[in-house]
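This report concerns only the one structure given below.
The values are calculated or read from the model by the stated rules, or taken from the named source; none is laboratory data. Since we're looking at a predicted model, the values are computed, not measured. All Cβ positions, glycine included, derive from the backbone under ideal geometry; neighbour counts span all protein chains shown.
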């Protein structure tokens, strides 16, 4: 394996892409250095180094010829990045998402503004206040999105079915197989399907809004959302991860819900319903990371069983 290859994607990211996309990811990764060189030349970029990767792409820090900082995303599934570029445009005027500078729908390349300082909320020593998180969600939900573009977004039900199927695979393949009974995930999926049947408070959703997908944009920019999986559905969906992330008690869950729900125009009962639905997925994630000993895992398992 070449040094260039090692520099672009580490073993963890290569394994992650192969799990997600299958064998085709291996050949794509082999050709990635040449592909990056092509796009860097066409878009006049200097590649600086590896950035934190997501589940579906290799991400690199870059700099444009005018000196502006950029992020280059490359994926073995070009359609995913094309969709991301389109959905980021839904919220462009809010300033709550990175600007899209270039997109290549054939080769699977996307060039974005680099948000600075750019620390992921999940990595921050002190979390932003819940009120600030609620303002981010509210700004995304109340953006003026043309009706024709909203109508082209997939329904929340489709997103729900995909996510629960994906996490059933991850449960079986990881440590969670012995720690999170499949019935809890099945019940969570059933709860989520029931919640999507209610068409109240339907908005254009980010669809995957959690602390790893929100960046610190500093005092001028505030919080900035990245990596949307946009769909149309219940506003409470974009708040559920924030009610559960890192909690040590059920009382903390209820406190967060009491702040978030009214701020985004949802009911506390409905947001709690989504928390119960998503809890087994988060429990699987924690178990697979070897974090089943944490108080958060116990809270998530308790909510899953309610």
### Summary
A careful count of residues in the stretch 90-100 that are in contact (Cβ under 8 Å) with a residue 40 or more places away in the chain and either under 14 Å from residue 228 (Cβ atoms) or assigned to a strand (DSSP E or B) (or both) gives 6
### Message
Being surrounded by 18 or more Cβ atoms within 10 Å (Cβ to Cβ), in contact (Cβ under 8 Å) with a residue 60 or more places away in the chain and assigned to a helix (DSSP H, G or I): is that true of residue 140 here?
### Response
yes
### Message
Take the residues in the stretch 102-133 that are under 25 Å from residue 89 (Cβ atoms) and part of a helix (DSSP H, G or I); name whichever of them is farthest from the chain's Cα centre (by Cα).
### Response
132
### Message
Looking at 238, 254, can you tell me which residue is assigned by TED's automatic domain parsing to the domain that holds residue 140, assigned to a helix (DSSP H, G or I) and touching a strand residue (DSSP E or B) at 6+ places or on another chain (Cβ under 6 Å)?
### Response
238
### Message
Report every pair of residues separated by at least 6 positions or lying on different chains whose Cβ atoms are under 8 Å apart, first residue within the stretch 23-49 and more than 21 Å from residue 13 (Cα to Cα), second part of a helix (DSSP H, G or I) and at pLDDT 95 or above.
### Response
45/39; 46/40
## Note on the structure
Given (1) touching a strand residue (DSSP E or B) at 6+ places or on another chain (Cβ under 7 Å); (2) closer than 20 Å to residue 220 by Cα; (3) not assigned by TED's automatic domain parsing to the domain that holds residue 227, residue 102 misses just (2)
### Query
Would you say residue 59 is closer than 25 Å to residue 214 by Cα, surrounded by 16 or more Cβ atoms within 10 Å (Cβ to Cβ), touching a strand residue (DSSP E or B) at 6+ places or on another chain (Cβ under 6 Å) and free of Cβ contacts under 8 Å to residues at least 24 places away in the same chain?
yes
### Task
Given the conditions (1) touching a residue at least 24 places away in the same chain (Cβ under 8 Å); (2) part of a helix (DSSP H, G or I); (3) under 24 Å from residue 85 (Cβ atoms); (4) out of contact with any strand residue (DSSP E or B) (no Cβ under 6 Å at 6 or more places or on another chain), report the number of the one that residue 212 does not fulfil.
(4)
### Test: residue 292 is in the same structural domain as residue 134 (by TED's automatic domain parsing) and assigned to a helix (DSSP H, G or I)
no
